[in-house]
Structures are given as structure tokens and as C-alpha cells.
Amino acid sequence: MASNPHTPHNQAKFVVSTNINDLEQEATTTLDVETNKEFDYSKRSQWLRAAVLGANDGLVSTASLMMGVGAVKQDIKAMILCGFAGLVAGACSMAIGEFVSVYSQLDIEVAQMKRDKERGHVVGDEDEEEKESLPNPLQAAAASALAFSVGAMVPLLAASFIKDYKVRVGVVVAAVTFALVVFGWLGAVLGKAPVLRSALRVLVGGWMAMAITFGITKLIGSSGL
């Protein structure tokens, strides 16, 4: 029986082709695993807290101040000046507070790095990586002040062009309500938290702050103090 001279060559081609397919399949599987690997959302906690909570603080505190003044004075100028003063004071307070807090954290981490280096627990590459991961007080302060200002601008812009008192108050409440829902939703999405629960928590908290400020200021104003 005559043998087929092309058989070994064909088998070799088949083996090579099979190996290539296996390699491609393995590479694709590895890529899929790396792509589907879950992101560690806890790494977002620091800047997420500073941004979302800063904006929410600016929104609620400024709106509450404006509602409190609006409870006793229907003048648009008084509400706008009060809101603007709250924006500036709150932004400065947030920046200073964040700067002091982050600087204290920085001092603690630097001191720990020095102790570890003296004990020989840290090598050159690890030392550089730790230095790069250190918090930045100025960056944190600027981010907090900016976030607070963004939130505070919502009630200010909502009330700036409306002269009628009742309409102005209604527009401020509506604008703040919408912004509260957006901030609650944004914080939940970025942090992978329950969206509805987060939005409702932020919304109810903002409403309570405005209602309490409005009610107490109205009570004090009506008593003639």
C-alpha cells in the first residue's frame, strides 16, 4: 500500500493551527477576566466624600439661610445677600476644615513612613510609591471649596431673577429639590450604593434643614425679637 507523502505535513499544520487557536482562546479568556474584574469602589471614597458632600452642604446650608431670611423679609436683595454671604463663608470654612484635616492625616502618614524606613521595612521603590499616594491638603481644600460653591449657586441662581416673593420661594424649593435628587443619585452611582435609598436620604435631609430653619426663624421673627 502506498503511503500518502503529504500526511505528516498536514498533521503538522493541523497541530500548529490547533495550538494557535488555543493560544488565542487563552488570551481572549484572560482579557475577558481582566476586563470583567470588579473595580474597587472604596478607592473613590475620599474624593467622592469631598465632592458630593461638599456640594450637598453648599446646597442645603445656603438654601436654608435664604429660606430663613425669606421667612421674615420678603425683599429679594436680603435673600440674595444672605445666600452670597453663606456661599463665601461656607466655602472658606470647608476649605480650611479640609486643609487642617488632610494635613493632620499627612503628618501621621509621613511620621509612619519615617519609622518604617528607620526600621528597614521600606525599600526604595516602595518609598516612592508611598510618597506618591500621600494626600494633598491644598488639593483637598480647593476641591471642597469648589464643590461647596457649586452647590450654593443653585438656590442663588434660582432666586436671582424672581421678584415675587411666593414664586421665588417656590422656585428655590423646586430647584433645591431637583439638585438634592441629582446629588443623591450621583453619589450612589459613583459609589455603587442603592440609588433610591441614597437619593431619598439626601432629599429628606435637605427638606428637613430648610423647613426647620424657615420655621424657627419665622417663629422668632413673629415674636418681635
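All of the numbers you see were taken from the coordinates with simple rules; none came from a lab. If you're wondering where the values come from, they're calculated on a predicted model, not measured in any experiment. Positions of Cβ are generated from backbone atoms using ideal geometry, with glycine treated the same way; all protein chains shown enter the neighbour counts.
Here are some notes:
- Proximity of backbone amide H atoms, modeled 1.01 Å from N, is registered between Ile162 and no other residue at under 5 Å, excluding neighbours fewer than 5 places apart on the same chain.
- Per-residue Karplus couplings for region 86-98, computed as 6.51 cos²θ - 1.76 cosθ + 1.60 with θ equal to phi - 60°, are listed in order as x, 4, 5, 5, x, 5, 5, 5, 5, 5, 5, x, 5 Hz, Gly and Pro entered as x.
- Per residue, the average separation of C-alpha pairs within less than 8 Å and at least 6 apart gives region 45-222 a relative contact order of 39 percent.
- In terms of overall dimensions, the C-alpha atoms belonging to region 74-146 reach 67, 16, 11 Å along their principal axes, ordered largest to smallest.
- Loop-resident sites, region 127-169, for trypsin sites (Lys or Arg not before Pro), counting at most 11 other Cβ within 10 Å (DSSP): Lys163
- Computed from backbone phi with θ = phi - 60° and the Karplus coefficients 6.51, -1.76 and 1.60, the 3J(HN,Hα) list for region 189-197 is 5, 5, x, 6, 10, x, 5, 4, 5 Hz; x is used for glycine and proline.
- Förster radius 25 Å - calculated FRET efficiency between Ser101 and Val204 (Cβ-Cβ, nearest 0.05): 0.40
- ³J(HN,Hα), Karplus 6.51/-1.76/1.60, whole Hz, each residue of region 211-220, x for Gly, Pro: 5, 5, 4, 4, x, 5, 5, 5, 5, 5
- Lys pairs, region 45-222 - Cα-Cα below 30 angstrom, 8 or more residues apart or on other chains: 11
- When the P(r) is computed for region 45-222, the part past 29 Å accounts for 35% of the Cα-Cα pairs.
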